[in-house]
Structures are given as C-alpha cells and as structure tokens.
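Below is one structure; the comments refer to it alone.
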Number of protein chains: 2
Amino acid sequence: MLKLSKKVEYGLMALLHMDSLEPGSLVTAKEVSDQFAIPSELLGKVLQALARASLVESVHGARGGYRLKQSLDTLTLGEVVDALEGPFHLVRCHENPATCDQFESCNIREPVLQIQDRLMGYLSAFRLAEFRSKRPAVAGKR
Amino acid sequence: MLKLSKKVEYGLMALLHMDSLEPGSLVTAKEVSDQFAIPSELLGKVLQALARASLVESVHGARGGYRLKQSLDTLTLGEVVDALEGPFHLVRCHENPATCDQFESCNIREPVLQIQDRLMGYLSAFRLAEFRSKRPAVAGKR
DNA sequence: GTATATACGACCTTTTTAGTCTGCTTTCAA
DNA sequence: TTGAAAGCAGACTAAAAAGGTCGTATATAC
C-alpha cells in the first residue's frame with residue numbers, strides 16, 4: 001500500500017552508484033549487486049529494464065556492463081518508476097475497469113483521478129539529481 | 001506498487017456516502033455494502049477501524065449503525081490512510097530496518113525519506129471535502 | 001427474549017512481489 | 001578459435017501482502 005517496490009529501490013541505488021563513477025565507465029550487474037547486497041539476477045533484470053527504457057546503456061559481452069545514458073539532472077523519479085513498473089495508476093480500476101465490482105456505484109472516481117495526477121506530477125518533477133545532493137560529499141580521487 | 005488499498009477505497013466511499021445523508025442520521029454497514037457492492041464483512045472492518053480512529057461514530061445494537069463524527073471539511077486523506085493502514089512508510093526499511101539486506105550499504109535512504117515526507121504532507125493536506133465538490137450536484141431533497 | 005446491529009479475531013484464498021534457475025547470445029582476449 | 005565474461009529472456013518457485021470469509025461475542029431496540 002503506497003510503497004516503493006524493491007525493483008525501484010534497486011534501480012535507484014544502481015543509478016546513484018553509476019553517477020558516482022567516472023563518467024562513461026562501465027559497471028557490471030555483479031559489481032553493483034555485491035556492493036549493495038542485492039541478488040544479482042534480480043538486479044540484472046532491473047538494469048535490463050532500465051536499458052530498454054534508455055535510462056542506462058548496456059554493453060554486451062566480456063568486459064561489458066552498464067553506464068548512465070542520461071544525466072541525473074534530467075532523469076526523474078517518474079521515469080524510473082515508469083521504466084520498472086509501467087504506467088502509474090493509483091487504483092486498479094484506472095487500468096482495468098472490468099475488474100472493479102464497484103465501478104457502477106463508485107462515488108470517488110473523479111477525485112481519486114485528480115489525486116493520481118498530482119502524485120504523478122510530483123514523481124515526474126522529482127529529479128534524481130536531488131538524490132545526489134543529499135549524500136555526504138565524497139572527497140578524494142575518482 | 002504505489003496503489004491505494006481496497007480498504008482505503010471502501011473507507012472513502014463510505015465516508016462520502018455518509019456525508020450525503022441527513023446530518024446525524026445512521027447508516028448500517030449492510031446498507032452501504034449493498035449500495036456500493038462491497039463485501040459487507042469487509043466494509044464492517046473498515047468502518048470499525050474508522051470508528052476506532054474517531055473518524056466516524058458507531059451506535060451498537062438494533063437500529064444502530066455509523067455516522068460521521070467529523071465534517072469532511074476537516075477530515076483529510078492522510079487521516080483516512082492512517083486509520084486504515086497505519087503510519088505511512090514509503091519503504092519497508094523505515095518501519096523495520098532489520099528486514100532490509102541493503103541497510104548498511106544503502107545510498108538512497110535520506111532522499112527517499114524526503115520524498116516520503118512530501119507525499120505524506122500532500123495526503124495530510126488533501127481535505128475530503130474536495131471529494132465532495134467534484135461530484136455532480138445532487139438537486140432536491142436529502 | 002429475540003432480532004438486529006457492531007466488534008473482534010482466526011482463518012482461508014488470491015494476487016503480487018521477490019527471488020531463482022536454465023539456457024541463450026554477444027563480445028573480448030588469450 | 002575458443003573459453004570465459006557479460007548481458008538477455010522467460011519460466012518457475014517462494015514468500016508476503018491483500019482481499020475476503022466465518023464464527024462468535026456483545027450491545028440495544030422492541
């Protein structure tokens with residue numbers, strides 16, 4: 001209920017991590033999964049989904065890996081959620097009214113839609129660069 | 001993922017319905033469940049939770065039922081969510097860090113907390129009266 | 001005292017989420 | 001040219017949460 005999924009958490013952690021690396025350098029799913037104690041197969045799927053959505057770029061084969069394709073300055077939380085969970089719907093009936101037993105009698109449809117729009121607007125306005133600025137500055141070489 | 005639960009939906013529907021009745025009049029869980037095609041036992045639990053949280057008042061025994069205890073002008077979406085789902089946490093680790101395998105290495109804790117605070121602020125600022133104003137006006141007697 | 005209603009807890013079922021496994025394709029480099 | 005390292009894809013399983021049901025106790029009107 002109103003929770004972020006592990007997929008989104010993992011995706012954000014990976015994106016933030018990539019942002020902290022030398023620009024353009026590759027990192028493998030295994031390296032990230034080791035660093036953050038994430039199951040590697042699962043993180044692999046997450047990164048693949050981010051690649052399909054062009055948030056990251058994947059390089060196949062040995063010595064391959066992933067790198068950011070967009071700056072965190074332009075990436076938003078909404079894009080990450082959309083890439084990993086699909087279009088955002090606050091209630092099931094907006095996706096598929098047929099499954100809702102209350103559809104006919106429903107007296108909250110319009111206002112819920114309005115809330116959804118505002119939440120979505122917030123997610124789409126939240127730039128991932130804001131994640132970066134909150135962490136302690138990392139001194140030294142990179 | 002970032003969905004409203006059926007409990008919250010049912011609670012909102014019931015609250016809105018009560019608001020449309022003669023002020024002070026009682027309505028039973030059965031009546032509401034019939035009107036909105038909600039399983040009555042489930043709606044019963046929802047209304048009981050709303051009563052525990054003092055959003056509605058319950059009257060026991062024959063001819064009993066529920067009525068609003070607060071005006072929708074003062075009730076907020078945040079209160080309803082809190083009454084029916086408990087304190088709002090965007091990620092599990094805010095409730096129980098022990099269950100999070102990524103707790104040590106996590107690089108997104110602070111920003112996620114910030115997002116949660118803003119979402120919570122939004123929920124708490126959203127007055128249920130706004131639900132009312134969006135419905136078609138009901139002409140005639142009440 | 002009986003019918004009607006809320007209250008509450010235990011339970012069951014279904015759906016969703018999280019994680020695993022198997023096998024493939026692509027690429028580098030020895 | 002071949003083996004290891006990596007991404008890719010889908011099926012599968014396990015665990016957790018959500019949704020729903022049932023039984024029973026308690027309160028109240030008539």
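A:ASP34 exposes around 100 Å² of accessible area when a 1.4 Å probe is run over every protein chain in place.
Distance distribution P(r), chain A, all Cα-Cα pairs, bin width 5 angstrom from 0: 2, 9, 17, 19, 17, 12, 9, 7, 5, 3, 1, 0, 0 percent. Gyration tensor over the Cα atoms of region A:7-79: the corresponding equivalent ellipsoid has semi-axes (square roots of 5 times the eigenvalues, largest first) of 16, 14, 12 Å.
Distances between copies at A:ASP101, taken between label points 7 Å from Cα along the C-beta direction, are 3.7 nm in increasing order. Ranked from shortest, the separations from the 7 Å Cα-to-Cβ label point of B:GLU22 to its equivalents in the other copies are 8.0 nm. Using a simple charge model, +1 on the beta-carbon of Lys and Arg, -1 on the beta-carbon of Asp and Glu, nothing else, what dipole does chain A show about its Cα centre, in debye to the nearest 20? With Lys and Arg at +1 and Asp and Glu at -1, about 580 debye. With the label put 7 angstrom out from Cα along the Cα-to-Cβ vector, A:ARG63 ends up 8.8 nm from the copy partners, going from closest to farthest. With angles folded into 0 to 90 degrees, how steeply does helix A:109-125 sit against the dominant principal axis of chain A? Use alpha carbons for both and round to 10. Once rounded, the angle reads 10 degrees.
The helix-based estimate of mean residue ellipticity at 222 nm for chain B, built from -39,500 (n - 2.57) per DSSP H run of four or more residues and divided by its residue count, is -14500 deg cm²/dmol to the nearest 500. Against the main long axis of the alpha-carbon atoms of chain A, helix A:6-19 sits at an angle near 40°. Nearest to the axis that brings chain B onto chain A is this chain B residue, judged by its Cβ, with the distance in whole Å: B:LEU2, 3. Note on A:GLU95: accessible area approximately 100 square angstrom, rounded to 10, probe 1.4 Å, nucleic acids and ligands left out. Among the listed pairs B:LYS45/B:LYS69; B:LYS6/B:LYS69; A:LYS6/B:LYS7; B:LYS6/B:LYS45; A:LYS3/B:LYS45; A:LYS7/B:LYS7, a Cα-Cα separation exceeding 20 Å is found for B:LYS6/B:LYS69; A:LYS6/B:LYS7; A:LYS3/B:LYS45; A:LYS7/B:LYS7.
Structural size metrics of region A:55-97, computed from C-alpha coordinates, are Rg and Dmax of 15.1, 47 Å. Buried surface for the B/A pair, taken as the accessible area of each chain alone minus that of the pair with a 1.4 Å probe, is close to 4300 Å² in total. Which of B:GLY44, B:GLY65, B:GLY121 moves the most in a Gaussian network model of chain B with Cα springs under 10 Å? Among B:GLY44, B:GLY65, B:GLY121, the largest GNM mean-square fluctuation belongs to B:GLY121.
Rounded to the nearest 10 degrees, the inclination of helix A:40-52 to the longest alpha-carbon principal axis of chain A is 70 degrees. Per residue, the convex hull around the alpha carbon atoms of the protein assembly as shown comes to 147 Å³. No disulfide-compatible partner, judged by a Cβ distance under 4.7 Å, exists for the following cysteines of the protein assembly as shown: A:CYS106, B:CYS106.
Checking every one of the chymotrypsin sites (Phe, Trp or Tyr not before Pro) in region B:60-112 against DSSP loop status and a limit of 16 other Cβ atoms within 10 Å picks out B:PHE103. Among the residues of A:99-108, the average count of other protein chain beta-carbon atoms within 10 Å of the residue beta-carbon is 6.
The values are calculated or read from the model by the stated rules, or taken from the named source; none is laboratory data. Remember, it's a predicted structure, so these values are computed and weren't measured experimentally. So basically every Cβ, Gly included, is an ideal-geometry build from the backbone, and we count neighbours across all protein chains shown. For the accessible areas, the whole protein counts, side chains as well, though only heavy atoms, and no ligand, DNA or RNA atoms are used. Shrake-Rupley method; radii C 1.70, N 1.55, O 1.52, S 1.80 Å.
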